[in-house]
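Heads up, the thing below is written out as structure tokens.
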Amino acid sequence: MKKDKLFAGKTLAILSGGGDTPAINSSIEAVRNRAAMLGFKVYGVLRGWKGLLGDGDIVDLTNIPYNGIYGGTGLLSSRTNPFPSKKNKEDRSEQILHNIQRYKIDVLVTIGGDDTNGAAKKMYEKYGIPVIGFPKTIDNDLRTRTMHLYQGKKHEVVLCPGFASGAIQIKKMTAKLHTTNESHQRIMVLEVMGRDAGWLTGTAMFGGAHMALIPEVIVTKERKDFFFEKVKENYMKNPKRSLIIAVAEGVRWYNDEKKEIDMVYASSELDEYGHPRFGGISGVIASEINKKLGIEARGQISGYIPRAGKCYEYDRRLTSTLADKVVDLLLREDYGKMPVMKEIVPYCEVEEFHTTAIEMGNIGNFPLPNLYYNLNEFQFSDQYVDFLTNIIGEPYRMEFNHHFPIVIP
Ligand code: F6P
């Protein structure tokens with residue numbers, strides 16, 4: 001065969017697993033474009049690892065139009081774990097190996113968080129399958145070893161495609177909530193996804209959330225009392241008598257009846273990676289505020305909104321840049337690695353020279369560091385504001401300031 005391109009005759013397959021984000025299609029498009037240009041035939045594996053089980057479920061992406069702006073994933077997703085788990089004791093990793101050989105896949109790019117890429121790491125270590133991990137999560141909790149330069153010091157943070165788009169959605173949603181909340185002089189408790197990490201909850205601050213609770217800081221009995229004091233103080237301080245409190249879905253909250261720290265689940269059934277599904281803490285906190293403080297409060301679950309809709313510009317540029325790094329790994333046949341940003345840089349500086357590749361063995365969860373949250377104020381710190389400003393720009397919200405003269409009869 002005449003080899004007019006470097007990787008002619010080779011096949012690269014892409015899969016996406018875990019919760020979707022608005023940036024997955026953008027990642028697929030960016031990796032596909034670059035791999036095809038190098039000469040690879042590019043396959044898409046449907047429904048994450050599931051598409052490599054049984055007979056396999058594979059499509060050809062090489063020469064078809066692919067809309068990377070549309071959120072979600074055209075390759076579909078699942079939380080299938082090929083390795084034994086509490087939910088599924090069977091080891092199905094050999095089926096994956098078998099299909100990789102049967103479909104003659106030379107390189108596998110796995111777009112996922114800790115779970116999907118954790119399984120990819122095991123496939124690489126156990127069978128030597130050439131894998132390249134590609135980060136993805138609105139939770140922003142997959143360790144990328146990215147550094148944030150703040151006041152002359154470097155701090156380890158995380159930057160995953162999907163987070164920026166999710167952050168913009170939460171910012172917009174929070175900014176909108178003020179109008180209804182102010183009209184009723186209420187306390188609104190806004191619940192935000194993020195599983196065991198508070199990265200995404202902090203983005204509500206950019207839409208004007210006054211306080212926040214994160215999973216990394218346990219709300220013990222004493223801290224709960226302190227929280228209620230602060231809620232009352234902040235509510236009374238606001239001339240509009242309105243307060244928005246952002247709470248992470250995975251907040252650890254003291255349960256007065258059970259007399260223990262609790263979490264609120266939408267379903268305690270575990271997925272194949274051992275995770276239950278959170279949901280409902282906002283309602284619990286709102287009703288306790290009502291009861292304890294006598295101030296009208298409501299719970300609002302932002303739910304799937306941060307995961308839904310289009311891929312925003314920062315993510316678009318980030319996915320393209322990380323895909324450039326994938327090219328570098330392919331050219332050097334350097335597998336078992338995941339491209340990441342070395343440091344937090346503003347939109348216009350997201351370029352390949354700011355990237356690096358970390359060993360898949362080093363991936364794992366990375367929660368919000370202490371310095372990014374202000375314990376006394378129940379709020380994110382200036383350090384977090386600086387981090388997020390690089391990614392989504394300045395906090396913004398409309399204000400309606402009126403001074404109606406009072407009429408005296
Ligand atoms: O991990 C991403 C995530 O969106 C979490 O923030 C959330 O807890 C979970 O997925 C929800 O999963 P599902 O899509 O299964 O409801």
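Scan the strands (runs of 3 or more DSSP E) fully inside segment 131-170 and keep the ones with 1 or more residues being among the charged types (D, E, K, R) and surrounded by fewer than 24 Cβ atoms within 10 Å (Cβ to Cβ).
Working: elements: 131-135, 146-150, 153-157.
Qualifying strands (runs of 3 or more DSSP E): 153-157.
Would segment 80-89 turn up any residue that is without any contact (Cβ under 8 Å) to a residue 60 or more places away in the chain and within 23 Å of LEU329 (Cβ to Cβ)?
At the first step, the residues of segment 80-89 found to be without any contact (Cβ under 8 Å) to a residue 60 or more places away in the chain are 82-84, 89.
Adding the requirement that they be within 23 Å of LEU329 (Cβ to Cβ) leaves 82.
Yes.
Surrounded by fewer than 16 Cβ atoms within 10 Å (Cβ to Cβ), under 21 Å from the mean Cα position of the chain (by Cα), of a type outside the set (Asp, Glu) and not in a loop (DSSP other than H, G, I, E, B): is that true of LEU371 in this structure?
Working: surrounded by fewer than 16 Cβ atoms within 10 Å (Cβ to Cβ): yes; under 21 Å from the mean Cα position of the chain (by Cα): yes; of a type outside the set (Asp, Glu): yes; not in a loop (DSSP other than H, G, I, E, B): yes.
Judged against the criteria, LEU371 is a match.
Specify the residue that is surrounded by the most Cβ atoms within 10 Å (Cβ to Cβ); the eligible residues are those in segment 332-368 that are more than 20 Å from ASP315 (Cα to Cα) and basic (Lys, Arg).
The qualifying residue surrounded by the most Cβ atoms within 10 Å (Cβ to Cβ) is LYS337.
Can you list residue pairs whose Cβ atoms sit under 7 Å apart, with the first residue in segment 265-282 being on the phi > 0 side of the Ramachandran plot and the second being more than 9 Å from the ligand (Cβ to nearest atom) and of a type in the set (Lys, Arg)? Count only pairs 6 or more apart in sequence or on different chains.
Within 7 Å, the pairs are GLY274/LYS86.
Which one is farthest from ALA36 (Cα to Cα) among residues in segment 331-355 that are among the β-branched types (Val, Ile, Thr) and without any contact (Cβ under 8 Å) to a residue 60 or more places away in the chain?
Filtering segment 331-355 for residues among the β-branched types (Val, Ile, Thr) gives 340, 344-345, 350, 355.
If we keep only those that are without any contact (Cβ under 8 Å) to a residue 60 or more places away in the chain as well, we get 345, 350, 355.
Working: VAL345: 29, VAL350: 23, THR355: 22 Å.
Residue satisfying both the conditions and the ranking: VAL345.
Out of all the residues in segment 294-322, which are touching a strand residue (DSSP E or B) at 6+ places or on another chain (Cβ under 8 Å), touching a residue at least 60 places away in the same chain (Cβ under 8 Å) and assigned to a helix (DSSP H, G or I)?
Answer for segment 294-322, where residues must be touching a strand residue (DSSP E or B) at 6+ places or on another chain (Cβ under 8 Å), touching a residue at least 60 places away in the same chain (Cβ under 8 Å) and assigned to a helix (DSSP H, G or I): PRO306, LEU318, LEU322.
Test VAL407 against the stated conditions and say whether it is among the aliphatic types (A, V, I, L, M) and either assigned to a helix (DSSP H, G or I) or touching a strand residue (DSSP E or B) at 6+ places or on another chain (Cβ under 8 Å) (or both). Explain how you work it out, then say what you get.
On the way: among the aliphatic types (A, V, I, L, M): yes; either assigned to a helix (DSSP H, G or I) or touching a strand residue (DSSP E or B) at 6+ places or on another chain (Cβ under 8 Å) (or both): no.
So VAL407 does not fit the description; no.
If I ask for residues that are surrounded by 18 or more Cβ atoms within 10 Å (Cβ to Cβ), among the β-branched types (Val, Ile, Thr) and either touching a Pro at 6+ places or on another chain (Cβ under 9 Å) or assigned to a loop (DSSP other than H, G, I, E, B) (or both), which ones from segment 205-222 would you list?
ILE214, VAL217
Condition first: crowded, with 22+ Cβ neighbours inside 10 Å and within 22 Å of HIS275 (Cβ to Cβ). Now tell me which residues in segment 51-70 satisfy that.
GLY51, LEU52
Please indicate, with yes or no, whether at least one residue in segment 281-296 is within 30 Å of ASN81 (Cβ to Cβ) and surrounded by 15 or more Cβ atoms within 10 Å (Cβ to Cβ).
There is at least one residue in segment 281-296 that is within 30 Å of ASN81 (Cβ to Cβ) and surrounded by 15 or more Cβ atoms within 10 Å (Cβ to Cβ).
Every number in this text was worked out from the coordinates using simple rules, so none of it is lab data. Everything numeric here is computed off the predicted structure, so don't read it as measured data. Quick reminder, even Gly has a Cβ in these numbers, built from the backbone with ideal geometry, and neighbours come from all protein chains shown.
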